[in-house]
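Computed from the coordinates by the stated procedures, all read-outs in this text should not be read as laboratory data. As the structure is a computational prediction, the values presented were derived from the model and not from experiment. No Cβ is skipped: glycine too gets one built from the backbone with ideal geometry, and neighbour counts run over all protein chains shown.
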Amino acid sequence: NAGVTQTPKFQVLKTGQSMTLQCAQDMNHEYMSWYRQDPGMGLRLIHYSVGAGITDQGEVPNGYNVSRSTTEDFPLRLLSAAPSQTSVYFCASSSYKVYGYTFGSGTRLTVV
Amino acid sequence: TQLLEQSPQFLSIQEGENLTVYCNSSSVFSSLQWYRQEPGEGPVLLVTVVTGGEVKKLKRLTFQFGDARKDSSLHITAAQPGDTGLYLCAENNNNDMRFGAGTRLTVKP
């Protein structure tokens with residue numbers, strides 16, 4: 001049972017480039033979310049989904065897009081990378097929020 | 001806007017000492033979770049508390065939910081170097097989970 005798988009683990013982008021961070025879960029969880037983690041800021045919610053075909057914005061959505069075409073996959077797209085998007089990105093999933101999230105191991109993104 | 005306040009921000013202790021970290025909010029929690037995160041990894045769920053006054057134990061870790069459901073504490077007895085990590089509390093809100101900034105614990109051998 002793989003849990004939540006994120007790829008890539010590390011990525012360096014130039015300002016203005018676009019890319020997609022991949023997230024897949026094999027637990028048939030309905031809820032999936034993307035967070036970014038910055039020093040001293042904790043985890044901040046970017047986008048979330050309560051099921052296939054349903055997405056919504058979190059606390060810091062600007063510059064990011066998501067889609068949820070299947071229950072398993074929840075990719076995060078950076079449209080035009082900026083240095084302010086340098087961060088560690090975590091994908092998480094849950095069968096029911098009150099029971100807690102399972103997190104992936106993260107993607108460390110550097111935008112130069 | 002950060003809804004959850006965690007204290008202390010940093011804590012460094014010797015192996016064998018006891019410690020308590022705190023999570024507070026100005027609003028009532030519907031439920032609260034504690035996670036531990038090790039370097040280079042994602043957070044791992046430790047416990048969920050739902051009922052005011054609830055106490056849960058996980059080996060040497062004791063979690064308490066305040067009677068008014070506005071605060072929670074995590075107490076570690078006889079800390080070990082393996083307890084080193086970032087301890088995060090998280091609130092289940094209408095949209096999703098909101099996290100505190102965490103307490104970074106270092107346990108020295």
Exercise. Which net charge results when you count Lys and Arg as +1 and Asp and Glu as -1 among the other residues whose beta-carbon is under 14 Å from that of A:Thr55?
Worked result: -2
Exercise. By what distance, in whole Å, do the Cα atoms of the protein assembly as shown stretch along each of the three principal axes, largest value first?
Worked result: 49, 36, 35
Seminar exercise, completed: If R0 = 35 Å, then A:Glu59 and B:Gln14, at their Cβ-Cβ distance, give a FRET efficiency to the nearest 0.05 of 0.40
Exercise. Given a cut-off of 13 Å, what percent of all Cα-Cα pairs of region A:57-112 lie beyond it?
Worked result: 70 percent
Exercise. Put a dot 7 Å past each Cα toward the Cβ at A:Ala52 and A:Val12; how far apart are the dots in nm?
Worked result: 3.9 nm
For this session: List the pair-distance distribution P(r) of chain B, using every Cα-Cα distance, as the percent of pairs falling in each 5 Å bin from 0 up to the bin containing the longest distance, rounded to whole percents.
Result: 2, 13, 24, 26, 19, 10, 4, 1, 0
Problem set entry | Two-decimal Rg to Rh for region B:32-89 - Kirkwood Rh, Cα set | 0.98
Exercise. Looking at region A:1-79, which trypsin sites (Lys or Arg not before Pro) are in a loop (DSSP not H, G, I, E or B) and have at most 11 other Cβ atoms within 10 Å?
Worked result: A:Lys9, A:Lys14
For this session: Please go through region A:7-112 and write out the chymotrypsin sites (Phe, Trp or Tyr not before Pro) that DSSP classes as loop and that have at most 14 other C-beta atoms within 10 Å.
Result: A:Tyr96
Exercise. If you take the beta carbon distance between B:Lys57 and A:Tyr99 as r and set R0 to 22 Å, what does 1/(1 + (r/R0)^6) give as a FRET efficiency, to the nearest 0.05?
Worked result: 0.75
Problem set entry | Relative contact order for chain B, counting Cα pairs under 8 Å that sit 6 or more residues apart, in percent | 37 percent
Exercise. For chain B, which longest stretch is free of loop sites, where a loop site is one of the trypsin sites (Lys or Arg not before Pro) that DSSP puts outside H, G, I, E and B and that has at most 13 other Cβ atoms within 10 Å?
Worked result: B:1-58
